[in-house]
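So the structure is just underneath, and the comments pick up after that.
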Amino acid sequence: MMSTFYTRWLGGRQGGIAIMLLMLLMFVVMPLWLDIFRLNLVGKYLTYAFAAVSLVMVWGYGGVLSLGQGIFFGLGGYCMAMFLKLEASDMASTARQTTPGIPDFMDWNQITHLPAFWEPFHSLTFTILAIFVVPAVFAYIIGAAMFKRRVGGVYFSIITQAIASILTILIIGQQGYTGGINGITDLKTLHGWNINTESAKYILYYLNGGLLIGVILVCRYVLSSKLGRLLLAMRDKEDRVRFSGYDVSNFKIFIFSLGAIISAIGGAMFTLQVGFMSPSFVGIVPSIEMVIFAAVGGRMSLVGAVFGTLMVNYGKTAFSESFPELWLFLMGGLFIGVVMYFPNGLAGLWEKHGQKWASCIRRLQCVSAVKNWAENRRAAKLGATGE
Amino acid sequence: MSETDFALAIEDLTVSFDGFKAVDGLNLYVDKNELRVVIGPNGAGKTTVLDLICGKTRSTLGSIKFKNKELTNLSEHQIVHAGVGRKFQTPSIYENLTVYENLEVSYPKGRSVFGSLLFKMTTEIDARIKEIADEIFLKELLETEAALLSHGQKQWLEIGMLLIQDPELLMLDEPVAGMSVKERDQTAELLKRICVGRSVLVIEHDMDFVAKIAHKVTVLHQGKILAEGDMKSVQNNPEVIEVYLGH
């Protein structure tokens, strides 16, 4: 049992070390080094890391580039936000509205009763279930519609991008039901627990990190199963897999749906930590940013994707404070550069240079061995002449 | 169509690509335990016939029955589940997996999404993989990455990936292409061994090899059957000679 956990969930020695380093950075270094404002910012970036990890699964291993992970990030985020908004819209705090007891933006849009699809979000259990089920079902429908018809490659990317765009337009257009372009704001408590306090932010940061580690372990488990090897086989020779008796489309639907759930968890944690959700985290631009995070980190490396996300976002924060208008160009350049020169991203560089360092250390040991040998010989010679 | 005793019964099979009939009213029957070789000049429609049987191409007309089960309306993986295995013309193996992993992935268990997620290696499967590797002459190379195999070894590996599924109809498209003389002899022995208890359909150009293995030979020309019979009668058929030499 212990050994399955070690080899399959942790990914053996290499995988274990990578996880340990990530945990050390997330749980010890960051909280000690940063104040709560900056730590909360890192927490926000780490929610994007869920989307980057999902892209490693869908794009790196599944071989289908989704330019619509923002859809699922958004669905998860909105599910969470709907629950929090309902809790924030109690009778006492909405007493001045025309219709008390409904979210403020609905009141501004002349809506007089809570829409039916909002009702179940009074329940936290339902909300948590919805964060998993809604994106999974949506991804299943998109996946079945496309993969069963053997739509793949560029066409799949373009269609997912179009869906991301459509969803944004829908959210903005249906202002009374969704909060429109401003999104769902002024979120306060989770079952009476104030999420804007400093201690809540610490707790949510650690919860977020824990979930991220959990997601990575689950992904490792999936990749180390026969399904993982089938994914590799499919990327190489899809027809051979099909003519070996596998329904290839089902495997792609599965990995796409899994990716959707992972992104949605990130979205829900985003809402909790940042305190609002808006369409600007759903559309084309955030979806492409997520692809860049995964590409910079290394699209075949789960832990690499997390580091990639942190680095790109650190760069974004540092750079856009001084040159806000240049940031987009720099990010575009970064993406092109990575794809052209480091196709395996940071993880690829680490692997390459890690090996170099290892051989360097070995060489040093070699040098000292030669020195020892020479000294011994000299000593022996001296001994011989002395006699 | 009535029930037959044949393992594979193809009747009036036709496929047309924009009006061009690659296969034209084909009738072909293969017995159980039979090793049938299909020959014919380039463009005769040999590979298309295999594509039609395994579902890669959809027929325009006609029926393909395998053990009296209609295949023409099944999807590719259902045809495999019915017991049909097919080797492609260029060796189609997973280059970035080892020989062992190639065979493991082809083992007919854990074929559904959740089945493959929960798939567990057992000593039984391990033994089966080693048995097949022994049969295809790759016992010593189990841990070798498939990309590093020679062309002939890749062909064997693909045959092994089919054998591990124990299909009742095995279709091989040019199994000895790119093999040395010694490898060809070994492959001939292999085919003779594995056609016991199943039907084998082979497409091949190498006539010496065909003569070594074939129980019966079918000659295809322009999507139709030109001649059928044992190797000798086919070789002496004036029409067959005309088709081969006339080109």
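Here are the numbers for this structure:
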read-out	value
Scan of the stretch A:156-213 for residues that are farther than 17 Å from A:W118 by Cα and of a type in the set (S, T, Y), ordered by number	A:S157, A:T160, A:S165, A:T168, A:T189, A:T197, A:S199, A:Y202, A:Y205, A:Y206
Any helices (runs of 4 or more DSSP H) falling wholly within the stretch A:106-193 and containing at least 3 residues that are buried (at least 17 other Cβ atoms within 10 Å of the Cβ)	A:124-147, A:153-173
Count of residues meeting criterion [at the interface with chain B (Cβ under 7 Å from one of its Cβ atoms) and surrounded by fewer than 23 Cβ atoms within 10 Å (Cβ to Cβ)] in the stretch A:240-253	5
Selected residue (only one of B:R86, B:R58 is out of contact with any His (no Cβ under 9 Å at 6 or more places or on another chain) and assigned to a strand (DSSP E or B))	B:R86
Helices (runs of 4 or more DSSP H) within the stretch A:5-103 that include 1 or more residues hydroxyl-bearing (S, T, Y) and in contact with a helix residue (DSSP H, G or I) (Cβ under 8 Å, 6 or more places away or on another chain)	A:36-55, A:69-88
When residues of the stretch A:224-239 are limited to those that are within 8 Å of another protein chain (Cβ to nearest Cβ) and part of a helix (DSSP H, G or I), the one surrounded by the fewest Cβ atoms within 10 Å (Cβ to Cβ)	A:D239
Residue among A:L114, A:L129 that is out of contact with any helix residue (DSSP H, G or I) (no Cβ under 8 Å at 6 or more places or on another chain) and assigned by TED's automatic domain parsing to the domain that holds A:I262	A:L129
Residue pairs meeting the criteria (Cβ under 7 Å; at least 6 apart or on separate chains; first more than 14 Å from B:I159 (Cα to Cα), in the stretch B:81-101; second of a type in the set (S, T, Y) and assigned to a loop (DSSP other than H, G, I, E, B))	B:T98/B:T144
Positions within the stretch B:126-142 being surrounded by 17 or more Cβ atoms within 10 Å (Cβ to Cβ) and within 14 Å of another protein chain (Cβ to nearest Cβ), in sequence order	B:I129, B:I132
Index of the failed condition, A:G337 passing every other in (1) more than 12 Å from A:A51 (Cβ to Cβ); (2) part of a helix (DSSP H, G or I); (3) in contact (Cβ under 8 Å) with a residue 40 or more places away in the chain	(3)
All positions within the stretch B:95-104 that are within 9 Å of chain A (Cβ to nearest Cβ) and crowded, with 24+ Cβ neighbours inside 10 Å	B:N102
Qualifying residue in the stretch B:77-94 (condition: surrounded by 24 or more Cβ atoms within 10 Å (Cβ to Cβ), within 23 Å of the chain's Cα centre (by Cα), more than 23 Å from B:T144 (Cβ to Cβ) and facing chain A (nearest Cβ under 7 Å))	yes
Unique residue being under 15 Å from A:P135 (Cβ atoms) and touching a residue at least 24 places away in the same chain (Cβ under 8 Å) when the list is A:L75, A:L10, A:L41	A:L75
Evaluation of B:F119 against (1) at the interface with chain A (Cβ under 7 Å from one of its Cβ atoms); (2) in contact (Cβ under 8 Å) with a residue 24 or more places away in the chain (one fails), failing number	(2)
From the options A:G209, A:G183, A:G179, residue that is in the same structural domain as A:L86 (by TED's automatic domain parsing), touching a residue at least 60 places away in the same chain (Cβ under 8 Å) and farther than 29 Å from A:L65 by Cα	A:G179
Identity of the residue in the stretch A:281-318, among the small types (G, A, S) and surrounded by fewer than 22 Cβ atoms within 10 Å (Cβ to Cβ), that ends up modelled with the highest pLDDT	A:G315
Residues satisfying the stated conditions in the stretch A:333-359, i.e. at pLDDT 80 or above, small (G, A, S) and out of contact with any helix residue (DSSP H, G or I) (no Cβ under 9 Å at 6 or more places or on another chain)	A:G333, A:G337
The one condition in (1) within 14 Å of chain A (Cβ to nearest Cβ); (2) within 30 Å of B:S150 (Cβ to Cβ) that B:R58 fails to fulfil	(2)
The listed residue being surrounded by fewer than 23 Cβ atoms within 10 Å (Cβ to Cβ), within 14 Å of chain A (Cβ to nearest Cβ) and either within 28 Å of B:S16 (Cα to Cα) or not basic (K, R) (or both), out of B:D185, B:D206, B:D173	B:D173
Some residue of the stretch A:215-223 being more than 10 Å from chain B (Cβ to nearest Cβ), closer than 16 Å to A:V64 by Cα and crowded, with 24+ Cβ neighbours inside 10 Å	no
Lone unmet requirement of (1) more than 14 Å from chain A (Cβ to nearest Cβ); (2) surrounded by fewer than 14 Cβ atoms within 10 Å (Cβ to Cβ); (3) in contact (Cβ under 8 Å) with a residue 24 or more places away in the chain for B:L13	(2)
Residue within the stretch A:84-106 that is assigned by TED's automatic domain parsing to the domain that holds A:R220, among the aliphatic types (A, V, I, L, M) and under 16 Å from A:L211 (Cβ atoms) present	no
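Residues are listed down the side, and each one gets a yes or a no for (1) closer than 17 Å to B:R198 by Cβ; (2) acidic (D, E):
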position: B:D18; (1), (2): no, yes
position: B:E34; (1), (2): yes, yes
position: B:T47; (1), (2): no, no
position: B:L50; (1), (2): yes, no
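The values are calculated or read from the model by the stated rules, or taken from the named source; none is laboratory data. Just so you know, these numbers come straight off a predicted model, no measurement behind them. Positions of Cβ are generated from backbone atoms using ideal geometry, with glycine treated the same way; all protein chains shown enter the neighbour counts.
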